[in-house]
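Participant: Please read through the structure below; I'll follow up with questions.
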Amino acid sequence: MTTTSRLQDLTKGAVFVALLIVFAMIPGIPLGFLPVPIVLQNLAVMLVVLILGPKRGTMVMTVFLLLAAVGLPVLSGGRGGLAVLTGPTAGYIWAWLLFPAVYWGLNRLVFGHRNLAKPAWWQSVILLIIVDLILDFGMGAAWLHFNQGLGFWSAYWANMAFVPGDLLKIALAVFFRSGSLAGESALRF
């Protein structure tokens, strides 16, 4: 790997950490029946997954979570610190760390794509829905069960309130990834 490509990787990583932080500035919408708000930040997580791949995506999410752990206000609503990473939303946030590897692993397993071949738009939609429903909702519900004493299945089914918004975020992430908005060359990483 040349110095130029390392610098490009670092720059891309910094841009996506910044994107995650910018999306955090948009406050969440509280639900009332679940101690987890609707946030826009997971759209940025989906973009990290789709554009950076498993290695770079996981590295970006690791840096992002380290920033949150030391108390920087990088999570939705300007929150940060260990209290947030162990609070009611922790299961969802920690799932973000696994999102890139699970998405790309499923891409290879389900669609047989090798060497990070870009899935078709509809394959990306299917993969993001699966990872969202199983990984993110599953870890979120498991943590709510452990941390808040909610029944696992009650917490899991309460997550269905997130489905309409998550479907819209998935569509936007795939749309942005496809380059339809500003041309492939403008969005290519």
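Residue-by-condition table, conditions (1) aliphatic (A, V, I, L, M); (2) modelled with pLDDT of 95 or more; (3) within 13 Å of the chain's Cα centre (by Cα); (4) surrounded by 13 or more Cβ atoms within 10 Å (Cβ to Cβ):
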{"residue": "Gly112", "(1), (2), (3), (4)": "no, no, no, no"}
{"residue": "Leu135", "(1), (2), (3), (4)": "yes, yes, yes, yes"}
{"residue": "His145", "(1), (2), (3), (4)": "no, yes, no, yes"}
{"residue": "Phe162", "(1), (2), (3), (4)": "no, yes, no, yes"}
{"residue": "Ile170", "(1), (2), (3), (4)": "yes, yes, yes, yes"}
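Participant: Within region 138-157, is there a residue that is over 26 Å from Gly53 (Cα atoms) and touching a strand residue (DSSP E or B) at 6+ places or on another chain (Cβ under 7 Å)?
Facilitator: No: zero hits.
Participant: Considering Arg79, Arg108, which residue is within 17 Å of the chain's Cα centre (by Cα) and open to solvent by 60 Å² or more (accessible area, probe 1.4 Å)?
Facilitator: None of the other options fit; the residue is Arg79.
Participant: Within region 149-160, can you find the residues that are in contact (Cβ under 8 Å) with a residue 12 or more places away in the chain and surrounded by 14 or more Cβ atoms within 10 Å (Cβ to Cβ)?
Facilitator: Ala155, Tyr156, Ala158, Asn159
Matching residues to (1) in contact with a Leu (Cβ under 9 Å, 6 or more places away or on another chain); (2) not β-branched (Val, Ile, Thr):
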position: Lys12; (1), (2): yes, yes
position: Phe16; (1), (2): yes, yes
position: Ile51; (1), (2): yes, no
position: Val74; (1), (2): yes, no
position: Gly78; (1), (2): no, yes
position: Trp104; (1), (2): yes, yes
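Participant: Of the residues Leu50, Leu31, which single one is closer than 23 Å to Ile129 by Cβ and in a helix (DSSP H, G or I)?
Facilitator: Matching residue, one of Leu50, Leu31: Leu50.
Participant: Still on this structure, I have one more. Which ones in region 53-73 are of a type in the set (Val, Ile, Thr), surrounded by fewer than 22 Cβ atoms within 10 Å (Cβ to Cβ) and assigned to a helix (DSSP H, G or I)?
Facilitator: If the condition is that a residue be of a type in the set (Val, Ile, Thr), surrounded by fewer than 22 Cβ atoms within 10 Å (Cβ to Cβ) and assigned to a helix (DSSP H, G or I), then Thr58, Thr62, Val63 are the ones that fit.
Participant: Name the pairs: first residue in region 87-116 and in contact (Cβ under 8 Å) with a residue 24 or more places away in the chain, second residue open to solvent by 50 Å² or more (accessible area, probe 1.4 Å) and not in a helix (DSSP H, G or I), Cβ to Cβ under 6 Å, at least 6 apart or on different chains?
Facilitator: Taking only residues 6 or more apart or on different chains, the pairs are Pro88/Pro35.
Participant: In region 114-133, which residues are open to solvent by 40 Å² or more (accessible area, probe 1.4 Å) and either basic (Lys, Arg) or in contact with a Phe, Trp or Tyr (Cβ under 7 Å, 6 or more places away or on another chain) (or both)?
Facilitator: Within region 114-133, Arg114, Leu116, Lys118 qualify.
Participant: Checking Leu82 against (1) free of Cβ contacts under 8 Å to residues at least 24 places away in the same chain; (2) out of contact with any Gly (no Cβ under 9 Å at 6 or more places or on another chain); (3) over 29 Å from Ser5 (Cβ atoms), only one condition comes out false. Which one?
Facilitator: Unmet condition: (2).
Participant: May I ask you to verify whether Ala101 is open to solvent by 40 Å² or more (accessible area, probe 1.4 Å), assigned to a helix (DSSP H, G or I), of a type outside the set (Lys, Arg) and within 21 Å of Pro54 (Cα to Cα)?
Facilitator: yes
Participant: Something else about it: Out of the residues in region 16-47 that are within 19 Å of Pro164 (Cβ to Cβ) and of a type in the set (Val, Ile, Thr), which is surrounded by the fewest Cβ atoms within 10 Å (Cβ to Cβ)?
Facilitator: In this case the residue turns out to be Ile29.
The values are calculated or read from the model by the stated rules, or taken from the named source; none is laboratory data. The shown structure was predicted, so the numbers you read here are calculated from the model rather than taken from an experiment. Quick reminder, even Gly has a Cβ in these numbers, built from the backbone with ideal geometry, and neighbours come from all protein chains shown. Each accessible area value is taken on the protein alone, full model and side chains, heavy atoms only, with ligands, DNA and RNA left out. Shrake-Rupley method; radii C 1.70, N 1.55, O 1.52, S 1.80 Å.
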